[in-house]
């Protein structure tokens with residue numbers, strides 16, 4: 001259960017264009033684009049938000065399939081009650097207001 005974690009880049013038609021292994025991530029529940037070439041990835045049980053750079057190459061295109069290691073990116077852990085399977089469930093970023101909305105399960 002809950003593994004292996006992957007980040008998928010989809011075309012507008014829903015075709016998988018790229019796959020990125022999420023090494024060291026645990027129980028990933030949500031991802032949101034946060035502007036400036038960054039994604040926020042939510043881990044439910046750890047109640048963590050990890051800021052990840054969009055994997056692009058030197059030409060500004062999505063890089064080939066590769067691994068993204070959690071220990072290479074900053075993370076914010078929220079103390080929203082007991083850890084477990086009642087943690088972070090969803091994300092939405094308001095680009096205009098520069099704020100992140102996070103949903104928590106019970």
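What is the gain in length, in nm to one decimal, between residue 21 and residue 95 on full extension, counting 0.36 nm per residue of separation less the C-alpha to C-alpha distance?
Answer, rounded to one decimal: 24.0 nm.
Antiparallel DSSP bridges in the chain: what percent, to the nearest 5?
For the chain, the DSSP antiparallel bridge percentage is about 85.
Could you sort 14-21, 29-36, 87-94 so that the peptide with the highest average Cβ count within 10 Å comes first and the rest follow in order?
Top of the packing list down: 87-94, 29-36, 14-21.
Can you sort 80, 49 so the residue with the fewest Cβ neighbours within 10 Å comes first? Please report the intermediate quantities before stating the final value.
On the way: 80 13, 49 21.
Ordered by Cβ neighbours within 10 Å, fewest first: 80, 49.
Taking the beta-carbon count within 10 Å as an exposure proxy, list 54, 40 from fewest neighbours to most. Kindly include the intermediate steps, with their values, before the conclusion.
Details: 54 15, 40 20.
Listing 54, 40 from fewest to most nearby Cβ atoms yields 54, 40.
Mind running the shape call on the range 6-104? Use the C-alpha gyration tensor, a ≥ b ≥ c as the square roots of the eigenvalues: rounded below 1.5 for a/c, prolate if a/b tops b/c, oblate otherwise.
It is prolate, given that a/c is not under 1.5 and a/b is the larger ratio.
For an R0 of 22 angstrom, estimate the FRET efficiency from the Cβ-Cβ distance between residue 59 and residue 13 and round to the nearest 0.05.
Efficiency, from the Cβ-Cβ distance: 0.45.
Each value in this text was obtained by applying a stated rule to the coordinates, not by laboratory testing. Quantities reported herein were computed from a predicted structural model and do not represent experimental measurements. Backbone-built Cβ (ideal geometry, glycine too); neighbour counts: all protein chains shown.
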